[in-house]
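Here the structure comes first, spelled out in structure tokens, and everything after it is commentary.
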Amino acid sequence: MLTHVMPSLLAALAVPGFDNPLGVRDVRAACVLLVDGLGWAQLREHAVDAPFLSSLAEDSEPLVAGFPATTATSLASLATGQPAGVHGIVSYSFALPGIGLLDTLTWTASDDDTQIDLRERVLPEQVQPTVTMLERATHAGVDVTCVVPPRHEHSGLSRAVLRGGDFRAARALGELAAAVLATLAKPHPALCYAYLGDLDGLGHAHGPGSLEWRLHLSTVDHLVSTLAERMPPGSVLTITSDHGMIDVPGDCRVDVDTHPVLREGVRYLAGDVRARHVYTQPGAAADVLAAWQEVLGPRAWVLSRDQATEAGWFGPVTGRVRPRIGDVVTASCGHHGIVRSHAEPNVTAMVAHHGSFAPAEQHVLFLTSYR
């Protein structure tokens, strides 16, 4: 599971209290490099474009991201070692009781078409109060650095799930590589988290396997090879990802905004195209569940909140988190997806999506290179 990555790295750094289920060797310094959107299947299908990463994959097995397979949820699972039902980031957007629909990527809320900046009104540390692995590492004396794009440095999501380390803003790959190498070269135990996001954007826009995507994958491969070659002895570079991706063709899309039956009794629709949370008007949950099951049929699993929880979709679910899960939850099958052409035109225009249970979405990297 993706939740094993950080505990295993902290165990490798000799931080007490952590198991090492992934078998990471003892090291003095470690970097976890997260390549957003690079699933196991996509790497294996395009090995020729990423020879170094593919060579590491020969001696590796994929991890499972967890549901929903989306960036905000996976980052929270990576950083806390807990599933969504515990850390509470149950999708990139979800209903926060008493607030409205929270978008964790922008840390804004919308209620009746009014958008509110939540960073001071609802503290990220309250939305996700679980102690992070980075906080635990810092308290144990490990030097922790997070290397992220400038827009992530003070974001609500970073505060919610990556707090505990010193942030370094990287505007380009050269700055990211230099910051990673500087952290690994420190004379005391050090942990670096670094994030690469552009491959995900190209996958959404053009599809995984497109020329644009493959050319950028080659750039990522060269960066990883350079880091592995230049990092100091006693280090491990771990490459992981938050989710894979799958094409959703036009004839596989159900558009809620042009389907009146799917809007009846619905207050909010949140989450990803392939993993939706449906929040209903009071008393309408049973009717909405029945309508969505009838319309979607075999194109998606459509469960009530109780059913999804009992099925273990979100792992163990705490009382704090339970109200954030939709009254109805969907997970798309095959190449299907649920879009909103009017409310989410940019998302609807995307070629590929993620979030559900397909191996192409769920299976992510865990690659290691030692010096």
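Assorted remarks:
- Count - residues of the stretch 333-371 that are assigned to a strand (DSSP E or B), of a type in the set (Val, Ile, Thr) and open to solvent by 30 Å² or more (accessible area, probe 1.4 Å): 1
- Residue in the stretch 266-282 that is modelled with pLDDT of 95 or more, closer than 17 Å to Leu96 by Cα, open to solvent by 30 Å² or more (accessible area, probe 1.4 Å) and in a loop (DSSP other than H, G, I, E, B) present: yes
- Qualifying residue in the stretch 239-246 (condition: more than 18 Å from Gly297 (Cα to Cα), touching a residue at least 60 places away in the same chain (Cβ under 8 Å) and surrounded by fewer than 20 Cβ atoms within 10 Å (Cβ to Cβ)): no
- Of the strands (runs of 3 or more DSSP E) lying entirely inside the stretch 124-230, the ones with 2 or more residues being in contact (Cβ under 8 Å) with a residue 12 or more places away in the chain, touching a helix residue (DSSP H, G or I) at 6+ places or on another chain (Cβ under 9 Å) and under 28 Å from Ala352 (Cα atoms) are found at 143-148, 190-196.
- Subset of the stretch 86-110 (residues that are crowded, with 23+ Cβ neighbours inside 10 Å and assigned to a helix (DSSP H, G or I)): His87
- The set of residues in the stretch 283-319 being within 24 Å of Ile99 (Cβ to Cβ), of a type in the set (Val, Ile, Thr) and not in a helix (DSSP H, G or I) consists of Val317, Thr318.
Here is a yes/no grid of residues against (1) in contact with a Pro (Cβ under 7 Å, 6 or more places away or on another chain); (2) open to solvent by 10 Å² or more (accessible area, probe 1.4 Å); (3) modelled with pLDDT of 95 or more; (4) not β-branched (Val, Ile, Thr):
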{"residue": "Ala30", "(1), (2), (3), (4)": "no, no, yes, yes"}
{"residue": "Leu34", "(1), (2), (3), (4)": "no, no, yes, yes"}
{"residue": "Leu38", "(1), (2), (3), (4)": "no, no, yes, yes"}
{"residue": "His46", "(1), (2), (3), (4)": "no, yes, yes, yes"}
{"residue": "Leu53", "(1), (2), (3), (4)": "no, no, yes, yes"}
{"residue": "Ala57", "(1), (2), (3), (4)": "no, no, yes, yes"}
{"residue": "Val64", "(1), (2), (3), (4)": "no, yes, yes, no"}
{"residue": "Ser74", "(1), (2), (3), (4)": "no, no, yes, yes"}
{"residue": "Ser77", "(1), (2), (3), (4)": "yes, no, yes, yes"}
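Results for (1) touching a residue at least 40 places away in the same chain (Cβ under 8 Å); (2) over 15 Å from Thr132 (Cβ atoms); (3) touching a Leu at 6+ places or on another chain (Cβ under 6 Å), shown as yes or no for each residue.
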{"site": "Val35", "(1), (2), (3)": "yes, yes, yes"}
{"site": "Gln42", "(1), (2), (3)": "yes, yes, no"}
{"site": "Gln82", "(1), (2), (3)": "yes, no, no"}
{"site": "Gly85", "(1), (2), (3)": "yes, yes, no"}
{"site": "Val90", "(1), (2), (3)": "yes, yes, no"}
{"site": "Leu101", "(1), (2), (3)": "yes, yes, no"}
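- Only listed residue being under 21 Å from Asp242 (Cα atoms) and not small (Gly, Ala, Ser), chosen from Gln362, Gln307, Gln293: Gln362
- Single residue of Ala311, Ala290 found to be surrounded by fewer than 16 Cβ atoms within 10 Å (Cβ to Cβ) and closer than 16 Å to Pro83 by Cα: Ala311
- Residues of the stretch 1-33 that are in contact (Cβ under 8 Å) with a residue 40 or more places away in the chain and in a helix (DSSP H, G or I): Leu2, Thr3, His4, Val5, Met6, Pro7, Leu9, Leu10, Ala12.
The values are calculated or read from the model by the stated rules, or taken from the named source; none is laboratory data. Note that the structure is predicted; figures quoted are calculated from it, not measured. Reconstructed Cβ throughout: ideal geometry from the backbone, glycine too, with neighbour counts over all protein chains shown. Calculation scope for accessible area: heavy atoms of the full protein, side chains included, ligands and nucleic acids excluded. Shrake-Rupley method; radii C 1.70, N 1.55, O 1.52, S 1.80 Å.
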